[in-house]
Ligand code: AMP
Ligand code: GLY
């Protein structure tokens with residue numbers, strides 16, 4: 001069946017979405033993005049350069065091109081109500097409405113919804129709208145806390161007491177935010193990501209992935225959008241037990257059921273970020289879209305037709321057989337500008353060496369006359385796919401190490417040493 005799909009967004013995540021859609025030669029892809037992603041440009045029938053939150057321009061582009069569906073990559077257009085607007089002109093979307101996207105865009109809404117519907121895995125939390133209340137809570141509270149701005153921060157807004165800030169630093173941070181915060185118990189454990197396709201009622205899980213937020217090897221340095229990620233051939237992670245997995249999946253399913261009950265059924269991609277603690281998985285946050293980089297891991301393994309999944313999501317007819325993933329390991333390594341995320345060098349030329357061993361996904365990079373140069377965010381990513389984690393890592397590493405320019409990446413992602421540390425940490429906690 002011929003279909004036209006508009007993909008919104010121009011990062012590595014969206015290049016992975018477009019690549020998966022393009023495996024169906026009957027699907028015509030249209031793209032809206034802020035900067036020209038060279039990988040997406042090659043695969044799309046047409047590209048519009050435009051701010052991803054400029055909803056009225058995107059809607060008129062969608063109308064003009066006559067697309068049947070839209071796939072929304074990033075969170076900012078969801079918050080701006082892109083799905084509501086596109087659906088009002090008859091374009092079905094993979095992505096939640098503005099109200100349903102609050103699961104990501106409003107951390108207070110998310111926690112209150114979890115508490116109200118008695119969803120498992122919600123840490124102890126308090127919502128504050130004024131700095132005085134939040135500060136006196138911090139002063140009276142013995143244990144460490146996570147301090148979270150209520151709105152979107154590109155994954156860089158959380159501060160953890162006892163890790164990044166002390167009590168005085170926590171108070172200063174709350175003041176700088178103007179007091180609108182969620183304060184919650186600091187969770188200790190190992191993080192993992194569970195993403196799922198959701199059609200309003202049915203939820204189909206994808207392989208588990210572990211992301212690496214910190215900028216430098218050994219989980220050091222500031223938080224980033226994510227420096228890379230891996231997944232295992234059995235679609236599990238060695239520090240997540242079968243029981244943990246079942247709990248996490250049940251949490252995601254109860255969340256979808258709760259959203260349906262609130263009158264804002266959720267459709268699109270649901271991203272659950274979990275902390276596997278001594279007491280099982282707890283929800284760090286939900287995102288209303290694919291993770292970046294995690295989309296690159298799972299979509300590189302997807303053997304089913306993503307265009308077909310788009311139809312099933314938008315018609316509420318998803319079933320488990322619609323989404324099959326190869327049983328291989330993946331390792332994704334992001335190449336980023338030197339100084340990223342605090343003071344990224346940008347506009348520097350880079351050259352990609354031999355990368356035949358890995359998949360290449362472009363992100364925030366400029367191509368002029370066949371030459372690439374960095375912009376201020378993550379540049380491009382390599383995904384190695386192989387029968388074991390070791391082989392997948394080797395492939396990603398080989399390609400990443402062949403890039404020349406003022407860029408860097410994390411060498412430790414997907415290595416045995418790092419995995420052993422995660423496993424040992426989990427054992428120690430239990
Ligand atoms: P977020 O923006 O919610 O993805 O949070 C960014 C990072 O902060 C997460 O990847 C965690 O490492 C950390 N984090 C968030 N919430 C908590 C929490 N309650 N306890 C411990 N760490 C957390
Ligand atoms: N990798 C984390 C995120 O996309 O939010």
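Between residue 46 and residue 140, what is the FRET efficiency for a Förster distance of 41 Å, r being their Cβ-Cβ separation, to the nearest 0.05?
Approximately 0.10, to the nearest 0.05.
Using only the Cα atoms of the stretch 287-429, what do you get for the radius of gyration and for Dmax, in Å?
Using the Cα atoms of the stretch 287-429, the pair Rg, Dmax is 17.4, 53 Å.
With all distinct Cα pairs included, what does the Kirkwood hydrodynamic radius of the stretch 88-153 come out to in Å, to one decimal, could you say?
14.2 Å
Largest first, please: the extent of the C-alpha atoms of the stretch 224-367 along each principal axis, to the nearest Å.
51, 39, 32
Which of 355, 212, 117 has the fewest other C-beta atoms within 10 Å, and how do the rest follow up to the most?
Ordered from fewest to most neighbouring Cβ atoms within 10 Å, 355, 212, 117 come out as 117, 355, 212.
According to the square roots a ≥ b ≥ c of the eigenvalues of the Cα gyration tensor, what is the shape class of the stretch 57-203, taking rounded for a/c under 1.5, prolate for a/b larger than b/c otherwise, and oblate for the remainder?
Prolate, since a/c reaches 1.5 and a/b exceeds b/c.
Under 1.5 on a/c is rounded, so check that first for the stretch 216-260, then, if it is not, pick prolate when a/b is larger than b/c and oblate when it is not; a ≥ b ≥ c are the square roots of the alpha carbon gyration tensor eigenvalues.
Oblate.
Just need the relative contact order of the chain here, percent rounded to a whole number, with Cα pairs under 8 Å and 6+ apart.
About 16 percent, as a whole number.
For the pair residue 188 and residue 166, what calculated FRET efficiency results from E = 1/(1 + (r/R0)^6), where r is the Cβ-Cβ distance and R0 = 22 Å, to the nearest 0.05?
0.80
Could you work out the relative contact order of the stretch 3-43, using alpha carbon pairs under 8 angstrom and six or more residues apart, expressed as a whole percent?
Relative contact order for the stretch 3-43 comes out at 51 percent.
Using alpha carbons only, how many angstrom separate the centre of the stretch 72-146 from the centre of the stretch 319-347?
The distance from the Cα centre of the stretch 72-146 to that of the stretch 319-347 comes to 24 Å.
Rounded if a/c is under 1.5, else prolate if a/b beats b/c, else oblate: with a ≥ b ≥ c from the C-alpha gyration tensor eigenvalues square-rooted, which is the stretch 242-316?
Because a/c hits 1.5 or more and a/b fails to exceed b/c, the stretch 242-316 counts as oblate.
Using only alpha carbon positions, build the gyration tensor of the stretch 323-370, then give the equivalent ellipsoid semi-axes as the square roots of 5 times its eigenvalues, largest first, whole angstrom.
Ellipsoid semi-axes (Å, largest first): 27, 15, 10.
Can you sort 208, 43 from fewest to most other Cβ atoms within 10 Å of each residue's own Cβ?
43, 208
For the pair residue 371 and residue 35, how long in nm is the line joining their label points, each one 7 Å along Cα→Cβ?
1.7 nm
Quick one: order 267, 4 by neighbouring beta-carbon count within 10 Å, fewest to most.
Ranking 267, 4 by Cβ neighbours within 10 Å, fewest first, gives 4, 267.
Roughly how many nanometres apart are two label points built 7 Å out from the Cα toward the Cβ at residue 216 and residue 428?
Distance between label points: 2.0 nm.
Grab every C-alpha pair in the stretch 364-430, bin the distances at 10 angstrom width from 0 up to the longest one, and report whole percents.
17, 37, 27, 14, 4, 1
From the convex hull of the Cα coordinates of the chain, what is the mean projected area in square nanometres?
Computing the convex hull of the Cα atoms and averaging its projections yields 19.5 nm².
In nm², what is the average projected area of the convex hull enclosing the Cα atoms of the stretch 40-94?
3.6 nm²
Once you treat every alpha carbon in the stretch 1-107 as an equal point and sum by Debye, what is log10 I(q)/I(0) at q = 0.20 Å⁻¹?
So the normalised log intensities are -0.97.
Bear in mind these aren't lab numbers, they're just calculated from the coordinates by the rules spelled out. This is a predicted model, so every value here is computed, not measured. So basically every Cβ, Gly included, is an ideal-geometry build from the backbone, and we count neighbours across all protein chains shown.
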